[in-house]
Each structure stands twice: as C-alpha cells, then as structure tokens.
Amino acid sequence: MAVIGDPDGYRLAYEAGLHAVAEQASTLRETRDRAGALLSVAAVSGGLAAGLYFTDDRSAAIGPLGVLGVVVAVLGFFGIVLATVMIWRPMEGQFVHDAGVIVGSYLEGDPPADLPELHRELALWLGDQADFNRGQLSERLKWFNRGLLFLPVEVVGVIVVLGDAARG
C-alpha cells in the first residue's frame, strides 16, 4: 500500500498514539494503586475501631445507635471492597502491540511495508485502542469515585459505634 500523506505526519501520528496509550496504561496503574491504598485505609480504620471496641468488654454496652453504626460502617467497607474489585478486575483493552504481528504482517508481508506505511497502520491501531481503552478507564475512575464516597460512610459508622460504646 502506498501512503498518500506526509511520512513525517504518519510518524507524528504514531508517536502521539503511542503517548496516549502509554498515558492510559499509567492512569490504570495509578488508579489501581490508589484503590489499594483506599482499601488499606478502610481496613485499618475498621480494624482499629473493632480492636478498641472489643477491649474492656465494651461490646455488652452497645445500644441501638451503636448497632446502626456497625451496619453503616460495614456497608461503607463493603462499598469500598466492591469498588476496589471493580477497579482491579482484568481489563479488555490493550496497551502494547504484538511485535510478532508487526514483523509477520508488516515487515515480512507481501509486499513488505515501508516505514511510513508501518507508522500509518500502527497509528490507526493505536487510535482505535485509545478509544476503546478510554471507555474502560472511565468506568474504573467512576468506581474509584464511588469508593471514595464510601470511605466517609465507613468513618461515620465507626465514630457512631465508638461514641455509643464510650457512653456505655
């Protein structure tokens, strides 16, 4: 296939597509890391509250308000766990192109592609992948935001339980 555009333009499009997909891969990694940190914070705060609560035989002193606090804290924690699972689940998108396909289909194809043709084809593939990945990443970022909303729910539940237990 003969290219009709400027070879430097194809190279530029390829580099831009490569950069976009690399940024998406970085965003996915960072979102997964932050979700792990969020889950850790939720587990530590819940564990700390449970540890404080179950010392000194305070569990017998919990009233209806404390039970409500436990329910709220547990719902908040499970919301964070659900958000984390939805973020960590495998992603269907792709962030790299198979080198074997490049060699087999383009460089050793019949006829072999020259560099501008290769840049053009890879730029188009990267553009398609960036579009597909965008939707996948958007869903994960929404789940991260939901997880952030559940953290104050858990904290309020923990505070209510500890306050009720302190009043005795």
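The values are calculated or read from the model by the stated rules, or taken from the named source; none is laboratory data. All figures in this text were calculated on a predicted structure; none of them were measured in a lab. Cβ placement follows ideal geometry from the backbone for every residue including glycine, while neighbour counts extend to all protein chains displayed.
The table that follows gives values for the structure above.
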{"read-out": "Selection within region 93-152 - under 19 Å from A83 (Cβ atoms) and of a type in the set (A, V, I, L, M)", "value": "L137, L141, L148, L149, L151"}
{"read-out": "V81 over 30 Å from Q136 (Cα atoms), touching a residue at least 12 places away in the same chain (Cβ under 8 Å) and either surrounded by fewer than 17 Cβ atoms within 10 Å (Cβ to Cβ) or of a type in the set (A, V, I, L, M, F, W, C) (or both)", "value": "no"}
{"read-out": "Sole exception among (1) within 30 Å of I4 (Cα to Cα); (2) among the β-branched types (V, I, T); (3) part of a helix (DSSP H, G or I) for I80, by number", "value": "(1)"}
{"read-out": "Single unsatisfied condition, R29 versus (1) closer than 22 Å to F132 by Cα; (2) charged (D, E, K, R); (3) modelled with pLDDT under 90", "value": "(3)"}
{"read-out": "Residue match in region 51-66 (condition: part of a helix (DSSP H, G or I) and under 13 Å from the mean Cα position of the chain (by Cα))", "value": "no"}
{"read-out": "Residues of region 91-117 classified as part of a helix (DSSP H, G or I) and either closer than 12 Å to G17 by Cα or in contact (Cβ under 8 Å) with a residue 24 or more places away in the chain (or both), total", "value": "3"}
{"read-out": "Any hit, region 54-67, residues being modelled with pLDDT of 85 or more, within 14 Å of V160 (Cβ to Cβ) and exposed (fewer than 15 other Cβ atoms within 10 Å of the Cβ)", "value": "yes"}
{"read-out": "Matching residues, region 76-123, being under 23 Å from G147 (Cβ atoms), aliphatic (A, V, I, L, M) and modelled with pLDDT under 95", "value": "M91"}
{"read-out": "Pairs with Cβ under 9 Å, 6+ apart, first in region 3-27 and farther than 14 Å from F95 by Cα and aliphatic (A, V, I, L, M), second at pLDDT 90 or above and surrounded by fewer than 17 Cβ atoms within 10 Å (Cβ to Cβ)", "value": "A13/L124; A13/G127"}
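Yes/no matrix, rows are residues, columns are (1) assigned to a loop (DSSP other than H, G, I, E, B); (2) surrounded by 12 or more Cβ atoms within 10 Å (Cβ to Cβ):
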residue	(1), (2)
I4	yes, no
L18	no, yes
E30	no, no
D33	no, no
A37	no, no
A43	no, yes
